[in-house]
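Everything below concerns the one structure shown next.
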Amino acid sequence: MNRYFEETILNADPIDLIRLLYQRAISSLEDAREHLREKRIAQRSAAINRAYAVVAELIASLRPEAAPELARQLSHLYSYILQRLLDANSQQAEKLW
């Protein structure tokens, strides 16, 4: 990890960290789509796995004690996204995500 990015993470507030996670997930999916178009299956799978790890981190970051209903809804949404990523990875189809 480059030093600038590491400092950004260490000094970010929680909202900025969530924003960085969303950006990472989106860029990973953009990479996966490009790899799919170019028939680079291993790289596509790695990119989807990165997106999966980000969404799993988003689930882990939920704090139900602070906002129970919001946490529940986000948990359902993130779980749905994880399933779609698994489906897309196994079926190698962009339309699934």
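The values are calculated or read from the model by the stated rules, or taken from the named source; none is laboratory data. All figures in this text were calculated on a predicted structure; none of them were measured in a lab. Backbone-built Cβ (ideal geometry, glycine too); neighbour counts: all protein chains shown. Ligands, DNA and RNA are stripped out before the accessible areas are found, and what is left, the full protein with its side chains, is counted by its heavy atoms. Shrake-Rupley method; radii C 1.70, N 1.55, O 1.52, S 1.80 Å.
At a 1.4 Å probe radius, which order do Ser28, Ser90, Ser75 fall into by accessible area, largest first?
These residues rank, largest area first, as Ser90, Ser75, Ser28.
Sum -39500 (n - 2.57) across every DSSP H segment of at least 4 residues in the chain, then divide by the residue count to get the 222 nm mean residue ellipticity, nearest 500.
Dividing the helical sum by the residues of the chain leaves -27500 deg cm²/dmol.
Between Arg3 and Ile18, how many nm apart are label points set 7 Å from Cα along the C-beta direction?
Between Arg3 and Ile18, the simple spin-label model gives 3.2 nm.
Taking only Cα atoms and a 10 Å spring cutoff, compute GNM fluctuations for the chain and point out the largest among Ala56, Ala25, Ala67.
Fluctuation is largest for Ala67.
Find, among the GluC sites (Glu not before Pro) in the chain, those assigned to loop by DSSP (not H, G, I, E, B) with at most 10 other beta-carbon atoms within 10 angstrom.
Glu38, Glu65
Below 8 Å between Cα atoms, with a sequence gap of 6+, how large is the relative contact order for the chain in percent? Write out the running numbers ahead of the final one.
Values: 67 pairs, mean separation 20.9, N = 97.
The normalised contact order for the chain reaches 22 percent.
Pop out the carbon and sulfur fraction of the accessible area of the chain as a percent, whole number, probe 1.4 Å.
57
As I understand it, the value is the acute angle between the Cα axis of helix 14-37 and the longest principal axis of the Cα atoms of the chain; what does it come to in degrees, rounded to 10?
With both axes taken from Cα atoms, the answer is about 0 degrees.
Compute, for the chain, the length of the dipole vector about the Cα centre, with Cβ point charges of +1 (Lys, Arg) and -1 (Asp, Glu) only. Units Debye, rounded to 20. If you can, show how the numbers build up before the last one.
On the way: 13 positive and 13 negative charges, 86 e Å.
Dipole about the Cα centre, nearest 20: 420 debye.
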